[in-house]
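Report on the following structure.
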Amino acid sequence: MLPIAFITNLTFSEIAIIVVGAVMVFGKDLPRVVVRGMQQLAKLRRAVQEMWSEAGLDEEMRRVRAELDAEVPNLSSPKTLLAEGRSKLHEPIQAWKKNLEKEVTDNVPVEKKRPAPPPEEPETKAEAESDPS
């Protein structure tokens with residue numbers, strides 16, 4: 001059967017509106033109209049298949065599929081390809097990172113910071129009450 005792509009994009013409410021509209025337009029004749037539409041769709045499908053076979057597209061599709069199937073075993077899995085790509089990129093990136101860090105440290109003077117003094121402990125409530133000052 002021919003795939004009707006636009007139906008998969010319709011929401012439930014849109015389909016409901018189409019059905020209500022069809023009932024309003026065709027009324028009692030709706031079942032007959034649906035059957036006739038399905039018959040026309042079947043005729044269209046047969047005509048398209050006949051056109052493909054007359055044009056030799058079926059044979060061409062089989063040939064292309066056979067070529068692709070022959071090549072598929074030679075292809076690496078996506079995970080393998082990704083791992084190879086990462087390993088090829090890892091070394092240059094690490095070298096670039098080290099060079100950049102070296103340039104930054106060579107060109108930008110770094111001041112030594114004094115360590116911050118430890119924070120004073122807050123007085124507890126009991127110590128504050130016992131201290132007369």
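Coordinate-derived values only; no laboratory data. Remember, it's a predicted structure, so these values are computed and weren't measured experimentally. Here Cβ is always computed from backbone atoms with ideal geometry, including for glycine, and neighbour counts include all displayed protein chains.
Using a simple spin-label model with pseudo-atoms 7 Å out from Cα toward Cβ, Gln49 and Ile17 lie 3.6 nm apart.
Here each label is just a point 7 Å from Cα along the line to Cβ, and for Ser87 and Glu120 those points are 6.1 nm apart.
For the stretch 22-35, the Karplus equation 6.51 cos²θ - 1.76 cosθ + 1.60, evaluated at θ = phi - 60°, returns couplings of 5, 5, 5, 6, 9, x, 5, 7, 4, x, 5, 5, 5, 4 Hz by residue, with Gly and Pro reported as x.
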